[in-house]
Protein chains: 2
Amino acid sequence: MTTDLLALTEQLCGVPSVSGAEGALADDVEFRLRAVGPALHIQRIGANVVARTEFGCERRVVLGGHLDTVPANGNASPRREGDVVHGLGAADMKGGLAVLLALAPSLGHRRPRFDVTLVFYEGEEVADEFNGLRRLFDESPTLVQGDLAILLEPTGGWVEAGCQGTIHVRAGFDGVRSHSARPWMGRNAIHRAAPLLQRCAEFEAAIVDVDSLEYREALQVVRIEGGIANNVVPDRCTVVLNRRYAPSRSLDDAVAEVVAFCKDAGADDVEVINASMAAPPNLMHPLIAELTGAYDLPVRPKLGWTDVARFAAHGIAACNFGPGDPELAHTADERVDRVTLDACLALLEAFLGLR
Amino acid sequence: MTTDLLALTEQLCGVPSVSGAEGALADDVEFRLRAVGPALHIQRIGANVVARTEFGCERRVVLGGHLDTVPANGNASPRREGDVVHGLGAADMKGGLAVLLALAPSLGHRRPRFDVTLVFYEGEEVADEFNGLRRLFDESPTLVQGDLAILLEPTGGWVEAGCQGTIHVRAGFDGVRSHSARPWMGRNAIHRAAPLLQRCAEFEAAIVDVDSLEYREALQVVRIEGGIANNVVPDRCTVVLNRRYAPSRSLDDAVAEVVAFCKDAGADDVEVINASMAAPPNLMHPLIAELTGAYDLPVRPKLGWTDVARFAAHGIAACNFGPGDPELAHTADERVDRVTLDACLALLEAFLGLR
């Protein structure tokens, strides 16, 4: 039976799963996996679902995808136009989840080249403490072990190697409250944040070469908050910055750099909200080399942080390969098309020896 | 019976009355006024209480004070140190309310030079639509008519003449959302707000001479808000500015100027949240001249907006004269002392012919 991947993607988009509210989608995924039968050993932990084959193969490939999406952006309801599904999560990454779910029935009646672990997890789009894969590595690390991990993050048919690290810091500016008719009696905390905003707006991020791949870094203000009442000079302003850095830098160096950047711009305090290491491209690893070589897949660097870094930190080679355009992730018009979905499934089936 | 004004101020500070929650304090005030007896005609409208004598005097003096305070700033509970009360509202303006309440018993057993109207009202520290005096002028204008209005806003023993106008605008900056690892696909709305913040921080407000009084203007960012999620380049940032302008400018000119300031700094849209006219000093008005002349009171301009502008707009000469240091209003350490309270009461009693 061939799965209609576009219809399945649309169905998955129809189950809302903004970070923190992935339960219904996890239920749906678990239900579909249990329908495959005894070949899949299924475990549910929170809103995380892991399905493993136990054929006794020499090597194991982990295929993973996160269930959650960012908040809706006028695109909460999926819509289909011809062979394209538009809607929240279509690219990041319900198309990828559809491919994983479509692989499952094959695993029920054919022995693959590798044992396979399918991992569906919650909390990838928010702070690391909520990340379901982190919880699995902490609580049941054997469940997610393997020789290669492929994350079906949207890569547009490319293998996206490694990933950039990501750091969020909250820079705080203090002031002194006063009546806004007598501001010289106070000190305006929002005015004090102006230089940091200006430096971020003018910041020219580097392009860094690692293993002949170009990692384009970034530094963005993603939140700002300040003010207590409309007649009061504000005594506090906080600015959240997101730094993306190439795998050439260590996590510690990258954190020190962004903290210094904020301090130099006048911040009174800088809190590191989260800091995730980058992952090296790992293109010489035999299984990654086979994946890219045998199917002649184009390779480029992954600019966004993904859980390949978590696999890498646990000694598991990992790369990103999934349907959908990564540049559409988190935008109002994210979408995925049928050809892309079918091609991704076909390639993974071939690599796993399922066709 | 002499009222202990310091104890009364402390009691009033002990009844929380942040804007929007003035009911309990209005109840307390109404109870105290009704205890005076038949000489006071009392009306309660919302959290506004008006007490009027009807002696048939030729002229009428309105004495007013607002019941509400700004939000607490670590000073919610009043505390007394010797002859000083510290706490939210002590200066702005529960000390003034205490003086008004202490005047009331005298009105019950002695005929003053003028008929007297005591007005206690809600919603002065927030948007004009919530202002209780506005409601009284709209719904029962005869209740608040008079030949002179004195507001007991904190003036530190000075007569503060006229008042500056105040304008709040919300400047909006649009952007385009994208994943924060690929910011070049989007446009950061918070970064776009940087020039406006910078210009506000650098703005040198004018000092304007009106009737030999120096009005010091101001322009402050009082709120900022932006950001949707920590991994998303934000598509919206809003900045609230408060402009204070001297009575030399018309309201229309002042509004046009601040809107242009925001547009010049790149704002995509500018909403005028509220705009209140300034009030002229009116120092030549006979009753204001008598108040300042007969008691040799020092005169200076009022920098903050007060409801003297509302009285002026209704053709009623008005000035500010009340206990407490205006520079402490809205600060964490606002306070008032016994000598100031007693002096204010004594002067008003003398002016009204009650001693």
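A short reminder: the numbers here are calculations on the coordinates, not readings from a lab. Worth saying up front: this structure is predicted, and the values here are computed from it rather than measured. Ideal geometry is used to build each Cβ from the backbone, glycine not excepted, and the neighbour counts take in all protein chains shown.
Of note:
- Relative contact order %, region A:177-249, counting alpha carbon pairs below 8 Å whose residues are six or more apart: 37
- Simple Cβ-charge dipole of chain A, Lys/Arg +1 and Asp/Glu -1, about Cα centre, in debye nearest 20: 400
- Across chain A, Cα pairs under 8 Å and at least six residues apart give a relative contact order of 24 percent.
- Listed residues A:LEU152, A:LEU196, A:PHE321: farthest to the positive end of the dipole of chain A (Cβ charges): A:LEU196
- Expected 222 nm ellipticity per residue - DSSP helices of 4 or more, -39500 (n - 2.57), all of chain B, to 500: -9000 deg cm²/dmol
- Which of B:HIS109, A:HIS86, A:HIS191 has the fewest Cβ neighbours within 10 Å, and the rest in rising order: B:HIS109, A:HIS86, A:HIS191
- Angle of helix B:95-109 to the longest C-alpha principal axis of chain B, folded into 0 to 90 degrees and rounded to 10: 30°.
- Close amide H contacts of B:TYR215 (hydrogens built in the peptide plane, cut-off under 5 Å, sequence separation of 5 or more or a different chain): B:VAL208, B:ASP209, B:VAL210.
- Oblate is the label for region A:250-348. Its Cα gyration tensor axes, ordered a ≥ b ≥ c, give a/c of at least 1.5 and b/c at or above a/b.
- The charge dipole of region B:56-159, taken about its Cα centre with unit charges on the Cβ of Lys, Arg, Asp and Glu (plus for the first two, minus for the last two), comes to roughly 560 debye.
- D_trans [Stokes-Einstein, Kirkwood Rh over alpha-carbon pairs] for region A:306-353, 4 °C, 1.567 mPa s, µm² s⁻¹: 102
- Placing a label point 7 Å from the Cα of B:GLU54 along the Cα-to-Cβ direction, the distances to the matching points in the other copies come to 9.3 nm, shortest first.
- Straight-line cross-link partners of A:LYS94 among the lysines, defined as a Cα under 30 Å from its Cα and at least 8 positions apart when in the same chain: A:LYS302.
- Cα-centred dipole magnitude for region B:211-352, charges only on beta-carbon of K, R (+1) and D, E (-1), debye, nearest 20: 60
- Largest GNM mean-square fluctuation among A:PRO298, A:PRO183, A:PRO323, using chain A with Cα springs under 10 Å: A:PRO183.
- Shape of chain A, Cα gyration tensor, a/c cut at 1.5: prolate
- Shortest-first nm distances, A:ARG111 label point to equivalent points in other copies (7 Å, Cα→Cβ): 11.6
- By the count of neighbouring beta-carbon atoms within 10 Å, fewest first, B:ILE207, A:ILE228, A:ILE190 end up ordered B:ILE207, A:ILE228, A:ILE190.
- Remark: region B:182-192, residue by residue, has Karplus-estimated 3J(HN,Hα) of 9, x, 5, 7, x, 8, 7, 5, 6, 4, 5 Hz, where x stands for each Gly or Pro and the curve is 6.51 cos²θ - 1.76 cosθ + 1.60 at θ = phi - 60°.
- Shape class for region B:46-167: oblate, because the ratio a/c of the largest to smallest gyration tensor axis (alpha-carbon atoms, square roots of eigenvalues) is 1.5 or more and b/c is at least a/b.
- Considering only the Cα atoms of region B:87-229, their convex hull presents on average a projected area of 14.3 nm².
- Charge sum, other residues only, whose C-beta stays under 13 Å from A:THR292's C-beta, Lys/Arg counted +1 and Asp/Glu -1: -3
- Tilt relative to chain A, helix A:251-264 - C-alpha long axis, 0 to 90 degrees, to 10: 20
- Principal-axis tilt of helix B:23-34 within chain B, Cα atoms, nearest 10 degrees: 10
- In Hz, Karplus ³J(HN,Hα) per residue of region A:119-129 (6.51, -1.76, 1.60; θ = phi - 60°; x = Gly, Pro): 10, 10, 9, 9, x, 8, 8, 10, 4, 3, 4
- Karplus (6.51, -1.76, 1.60) ³J(HN,Hα), θ = phi - 60°, over region B:330-336, in Hz, Gly and Pro reported as x: 6, 9, 5, 10, 5, 6, 8
- Between region A:313-355 and region B:140-175, the alpha-carbon centres lie 63 Å apart.
- Cβ crowding within 10 Å, taken as a proxy for footprinting-reagent exposure, orders B:LYS263, B:LYS302 from fewest neighbours to most as B:LYS263, B:LYS302.
- Considering only the protein assembly as shown, percent of DSSP beta bridges that pair antiparallel, nearest 5: 75
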